[in-house]
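Working notes, structure below.
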Amino acid sequence: MSIATKHVISLKEDEKEMIIEFLNNKSNSKRLTSRAHILLALDSKKNTGLTHTDIAREYNVTYHTVVNIINEFVNNGLNSTLTYKRNPNSNRKKKEHK
């Protein structure tokens, strides 16, 4: 028995292209690349019949990570989902991209 899904992800063609372009950029972190792959898997979920748990297992993340990615996408959009959000109160120095 699977948990009922609150949101179904349907990416537009331009969003898919943006994700594929994002994935072709090798300088992105593993975490953000994983998020992009999960979004593509969620979009194709309606054709493959995969559950959130199956997707989580495939990308070696938890079920709740998949749900958090869905909520981030639904509430804030694709750009926000594929970028790091830095806590302004953090004391850590920001990494420099070379």
Expected vector for region 57-73, Karplus 3J(HN,Hα) from phi with 6.51, -1.76, 1.60 and θ = phi - 60°, integer Hz, x for Gly and Pro, equals 4, 4, 9, 6, 10, 8, 4, 5, 5, 4, 5, 5, 5, 4, 4, 4, 5
Per the C-alpha gyration tensor (a ≥ b ≥ c, the square roots of its eigenvalues), region 1-83 is rounded if a/c is under 1.5, else prolate if a/b beats b/c, else oblate; here it's prolate
Calc'd 3J(HN,Hα), region 29-35, phi into Karplus 6.51 cos²θ - 1.76 cosθ + 1.60 (θ = phi - 60°), Hz, glycine/Pro = x, comes to 5, 4, 4, 6, 5, 4, 4
The extension gain from Val8 to Asn24, computed as 0.36 nm times the residue separation minus the Cα-Cα distance, is 3.2 nm
Loop-resident trypsin sites (Lys or Arg not before Pro) in region 8-56 with no more than 15 other Cβ atoms inside 10 Å, DSSP not H/G/I/E/B, are Lys12, Lys26
If the chain between Leu32 and Asn47 were fully extended at 0.36 nm per residue, the gain over the current Cα-Cα distance would be 3.0 nm
HN-Hα couplings for region 14-20 via Karplus (6.51, -1.76, 1.60; θ = phi - 60°), in whole Hz with x for Gly/Pro, come out as 5, 5, 4, 4, 5, 5, 5
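Every read-out reported here was derived from the displayed coordinates using simple, explicitly stated rules and does not represent laboratory data. Everything quoted here is computed from the prediction, not taken from an experiment. No Cβ is skipped: glycine too gets one built from the backbone with ideal geometry, and neighbour counts run over all protein chains shown.
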